[in-house]
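Report on one structure; see the data block that follows.
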Amino acid sequence: MYKVGIITASDKGSIGEREDLSGKIISDILKNNGYIIEKYIILPDDEEKLLHEMIAMADDLKVDLILTTGGTGFGQRDRTPEATLRAIDRLTPGISEAIRAYSLQITPRAMLSRATSGIRNQTLIINLPGSPKAVQESLEYILATLPHGLEVLKGQAHECSR
């Protein structure tokens, strides 16, 4: 089906001080839905490292989808959205807006998410939340729509706005 790259942004996770539950949840959900995990990496909350990995996954590995988890909040080192904005060519605001709208039904703290999403060449990049519960809820919410978006991006389907 589709090749995926997963990036977890976590200072503690990158040095083995915290188990990465969110990245594992993403991997499990996608594998159970027929996606191929091409690469899964845990990086520190460092904008340049995150940017470099997104570009490498999109341009060199040519994954269809990159999902990030972590680094989308208000913390001083939360820089995943900034790295994503530098990596992408086109924004896909509807995805991030949909995740926030859905998440706001669960918790008002969803309004604090700075997550973004966009396209680099033929790769869709989506920032997901950092908490295991929120990442599972968000991914399960958008999962049914992803194949159509990826088909359109790859030129395998016609775009339909409704």
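The values are calculated or read from the model by the stated rules, or taken from the named source; none is laboratory data. If you're wondering where the values come from, they're calculated on a predicted model, not measured in any experiment. Ideal geometry is used to build each Cβ from the backbone, glycine not excepted, and the neighbour counts take in all protein chains shown.
Observations
- Test result for Ile95, closer than 19 Å to Thr145 by Cβ, among the aliphatic types (A, V, I, L, M) and in contact with a Gly (Cβ under 6 Å, 6 or more places away or on another chain): no
- Residue selection: Asp89 fails the criterion of being closer than 26 Å to Lys12 by Cα, at pLDDT 95 or above and over 12 Å from the mean Cα position of the chain (by Cα).
- Matching residues, the range 104-154, being of a type outside the set (A, V, I, L, M, F, W, C), surrounded by 19 or more Cβ atoms within 10 Å (Cβ to Cβ), in a loop (DSSP other than H, G, I, E, B) and touching a Pro at 6+ places or on another chain (Cβ under 9 Å): Ser113, Thr116
- Hits in the range 20-77 - residues which are part of a loop (DSSP other than H, G, I, E, B), touching a residue at least 40 places away in the same chain (Cβ under 8 Å) and touching a Lys or Arg at 6+ places or on another chain (Cβ under 9 Å): Leu61, Lys62, Val63, Asp64, Gly71, Thr72, Gly73, Phe74
- Against the test of being out of contact with any Asp or Glu (no Cβ under 7 Å at 6 or more places or on another chain), among the hydrophobic types (A, V, I, L, M, F, W, C) and without any contact (Cβ under 8 Å) to a residue 40 or more places away in the chain, the options Ala115, Ala157, Ala144 yield a single qualifying residue, Ala144.
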